[in-house]
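A short write-up of the structure that comes next.
What follows is calculated from the coordinates using simple rules that are stated; it is not laboratory data. None of the values given here were measured: they were computed from a predicted structure. Cβ: placed from backbone, ideal geometry, glycine included. Neighbour counts: every protein chain shown.
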Amino acid sequence: MDFFKKVNIYLANLTVMYKKVHNLHWNVQGRIFFGLHLKYDELYREFQDKIDEVAERLLSLGHTPVSSYREVLAIATIQERESKPVECEESVRIFLEDLEDLIEDSYDLTELCDDQDDPAGADLFTGYIADFEKHRWMFRALLGENAADTELDDDDEQAEKDAQGGSNASQTKSSAKSDGNGKSKK
């Protein structure tokens, strides 16, 4: 696929995320409404800025950014969200799922920019990786998930027990395992 088409798909995904986060901002409800309402306000403004930066990057390289909702929805891989109330925790899970896609796409575009000898583009998307990974950490913490949870093999578990001074089962908690996408496995 053409490099500039991939950047336009990314731009389309940012545009859908802008509206989707706005949707969450308006429709979130529950016991932590105030905090999430304010955070989503901050996030949709951040997405608005990123949309402008990516569009201007395309323009600076002589390409036209996707700029109509019809075109955006035709190429976006992130889906819109229906306009309806959503509980706080579910809203966070919705956001995190799409954020994972943006993180992966940001890594891919950073590599493609390197291949295209576009250090400014690589720098732009590297900055987005840092922003999105910080959001992932914060939202996972809100859900009580640890971003550093990883699968341990038997040798690692034994080494961890030894480091804790033995293998007393009452002192050892079972560790959550991650499938790499931040979803816990048992």
Through the Karplus equation 6.51 cos²θ - 1.76 cosθ + 1.60, θ set to phi - 60°, convert the phi angles of the range 9-16 into ³J(HN,Hα) values in whole Hz; use x for Gly and Pro.
5, 4, 4, 4, 5, 4, 5, 5
Would you pull out the residues with amide H under 5 Å of V86's amide H, same chain only if 5 or more places away, H placed 1.01 Å from N?
V28, Q29
Which value in nm describes the separation of the simple spin-label points at F3 and R70, placed 7 Å from the Cα toward the beta carbon?
3.1 nm
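Strictly over 20 Å apart at the Cα level, which of K39/K134; K20/K84; K6/K39; K50/K134; K84/K134; K20/K50 would you flag in this model?
On the way: K39/K134 13 Å; K20/K84 11 Å; K6/K39 29 Å; K50/K134 16 Å; K84/K134 27 Å; K20/K50 15 Å.
Listed pairs above 20 Å: K6/K39; K84/K134.
For an R0 of 22 angstrom, estimate the FRET efficiency from the Cβ-Cβ distance between D108 and W137 and round to the nearest 0.05. Write down the numbers at each step before the final one.
Working: r = 21 Å, r/R0 = 0.94.
Efficiency computed from Cβ-Cβ geometry: 0.60.
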